[in-house]
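Novice: Just passing along the structure, written as structure tokens.
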Amino acid sequence: MTETTKLNRRAMLRGAGLAAVAAPALVGKGIAAGKVTWRVQSHWPKSSSSFDGSLGALAAKLEETTEGAFKLETFGDGEFAKGADIYPLVRKGVVPMGTLAANYLTDHATTANFAYGIPGTFRESWEFQYATKQLGLEALINEELNADGMMLMTEKVLPVEIVVSKKIESAADFKGLKIRSSGAMLDYLSAAGAAPQYIPGAELYQALSSGVVDGAHWGAAVGAKSMSLWEVCKYHYKPALGFSTDSWVVNMSELDKLEPELRDTLINLMETRFYQRSTEYQALEVKALTSGVAENGIEVSQLPKDVLDILAQASTDIMTKEAEKGEKAAKAKEIYLGLMGDLGYV
């Protein structure tokens, strides 16, 4: 690995510093002679709003900025791999880049669930953005993944809210609900009496429509709308169970093969897109929920207090359990609790 890439990696691990560095308007004229196309395996189905809104937007901006010298060929969930199988696919170099939720990385990083989002902790998008970039959550997980020849860059922060086909009026109604979930959310929902299970995105609609599960979370309103979840789940519940992230993962050896201008442009665009997409997503959530009420006839309700009380205790238990995974996980817990303390949440 070249010294240039090592410097780029250290710069990336510093977090938000790159956000202030604009991607170059043009790359060196000689680069066009060696055009590059990367295949990118996404965990988003092509029906998901993030397939175009996140991955498609990055691909378009990268091609524009490099004057066609660097293109991304995008693949929807399951075309090469899906879910937890995306990371090893990228690590082996079958494709140089992928998208995933950080909770898929629990076998590779002790801080994976902290990078993905511990439910019941942060209450606003900006809080998790700040913890991820400025306070070092992303840097912590990269200390583990870089040793595996991989790099993670957070793609956006998004809220997590559940949609269900049955009304929830008490903890008794919540008990036994079969909810599609993933990562630490599985433990979180289970602690409140639900019966969560993991289902890949490409199979989610069928699972809901056939009654295999009673509800799901795929982000919040934007995800529910784009994945047509409201067609079968008319009850949308707030508050958010928490805030989560989507992420890019990149094979470092493949990154090192790029010309410096192309490599820097890709990294800078991913960094700046994080803030743009996280902010954009908040506006899209409001629009999606409004259209869900008007067009799909959904009912937006608050989770009952007895359910929220159980979830609050579950959050504390999950944080403690995750922190026991190792020294870096303990540091991640300190980041969470430090910011939550500053905000008056603990």
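Nothing in this text is a laboratory measurement; each read-out follows from the coordinates by a stated rule. Quick caveat, the model's predicted, so the values are computed rather than measured. Counting neighbours? That spans all protein chains shown, and the Cβs are built from the backbone with ideal geometry, glycine included.
Novice: Along each of its three principal axes, how wide is the spread of alpha-carbon positions in segment 132-277, in whole angstrom units, largest first?
Specialist: Principal extents (largest minus smallest coordinate, Cα): 56, 28, 24 Å.
Novice: Taking the Cα atoms of segment 298-346 alone, what are Rg (to one decimal) and Dmax (as a whole number) in Å?
Specialist: Answer for segment 298-346, Rg first and Dmax second: 14.1, 44 Å.
Novice: Scale the Cα Rg of the chain by the rule-of-thumb value 2.2 N^0.38 Å and send over the ratio, two decimals.
Specialist: Numbers: Rg = 19.9 Å, N = 346, 2.2 N^0.38 = 20.3 Å.
The chain yields a ratio of 0.98.
Novice: What number, in percent, do you get for the relative contact order of segment 87-129 if the mean sequence gap of Cα pairs under 8 Å and at least 6 apart is divided by its residue count?
Specialist: Over segment 87-129, the number comes to 23 percent.
Novice: Same structure again: Of Y198, Y116, how do they rank once you tally other Cβ atoms within 10 Å and put the fewest first?
Specialist: Y198, Y116
Novice: Considering Cα pairs under 8 angstrom that are at least six residues apart, work out the relative contact order of the chain and quote it in whole percent.
Specialist: Averaging sequence separation for qualifying contacts and normalising by length gives 24 percent for the chain.
Novice: Let me ask something additional. Taking Cα atoms, how many degrees apart are the long axis of helix 305-323 and the longest axis of the chain, rounded to 10 and kept between 0 and 90?
Specialist: Helix 305-323 and the main axis of the chain meet at about 40 degrees.
Novice: Work out the charge dipole of the chain with +1 on the Cβ of Lys and Arg and -1 on the Cβ of Asp and Glu about the Cα centre, then indicate which of S182, F274, S165 is farthest towards its positive end.
Specialist: Most positive-ward Cα: F274.
Novice: Which one, A57, A332, A191, has the greatest fluctuation when you compute a Gaussian network model over the chain with C-alpha springs under 10 angstrom?
Specialist: Among A57, A332, A191, the largest mean-square fluctuation in the Gaussian network model of the chain belongs to A57.
Novice: Right, here's the next one. Starting from the Kirkwood radius over alpha-carbon pairs of segment 241-288, derive D by Stokes-Einstein at 25 °C in a medium of 0.890 mPa s and give it in µm² s⁻¹. Let's see the in-between values first.
Specialist: Details: Rh = 12.9 Å.
Stokes-Einstein gives a translational diffusion coefficient of 191 µm²/s.
Novice: Among K257, K331, which comes first, second and so on when ranked by fewest other beta-carbon atoms within 10 Å?
Specialist: Working: K257 14, K331 18.
Least crowded to most crowded, the residues run K257, K331.
Novice: Compute a Gaussian network model of the chain, connecting alpha carbons closer than 10 Å, and tell me which residue from A115, A240, A216 fluctuates the most.
Specialist: Result for the chain, Cα springs under 10 Å: A240 fluctuates most.
Novice: Hey, can you rank 279-285, 290-296 by average C-beta count inside 10 Å, highest first?
Specialist: Packing order, densest peptide first, comes out as 279-285, 290-296.
Novice: Using only the alpha carbons of segment 97-170, what is the convex hull's orientation-averaged projected area in square nanometres? Walk me through the numbers on the way to the answer.
Specialist: Numbers: hull surface 26.4 nm².
Seen from a random direction, the Cα hull of segment 97-170 projects 6.6 nm² on average.
Novice: Separate question: For every helix of n ≥ 4 consecutive DSSP H residues, a contribution of -39,500 (n - 2.57) applies; sum these over the chain, divide by its total residues, and give [θ] at 222 nm rounded to the nearest 500 deg cm²/dmol.
Specialist: Dividing the helical sum by the residues of the chain leaves -13000 deg cm²/dmol.
Novice: Let me ask you something else. Note down the magnitude of the dipole of the chain about its Cα centre, charges +1 on Lys and Arg C-beta and -1 on Asp and Glu C-beta and zero elsewhere, to the nearest 20 debye.
Specialist: For the chain, the charge dipole is close to 220 debye.
Novice: Let me confirm the definition first: pairs of Lys residues in segment 136-226, 8 or more apart or on different chains, C-alpha distance under 15 Å. How many are there?
Specialist: Lysine pairs satisfying the spacing and distance rule in segment 136-226 number 4.
Novice: Continuing with this model, one more query. Nearest-5 percent of antiparallel DSSP beta bridges in the chain?
Specialist: Numbers: 18 of 33 bridges.
The antiparallel proportion sits near 55 percent.
Novice: Order of I267, I118, I141, I335 from fewest to most other C-beta atoms within 10 Å? Could the numbers behind the result be given before it?
Specialist: Numbers: I267 23, I118 26, I141 30, I335 19.
Fewest-to-most Cβ neighbours within 10 Å comes out as I335, I267, I118, I141.
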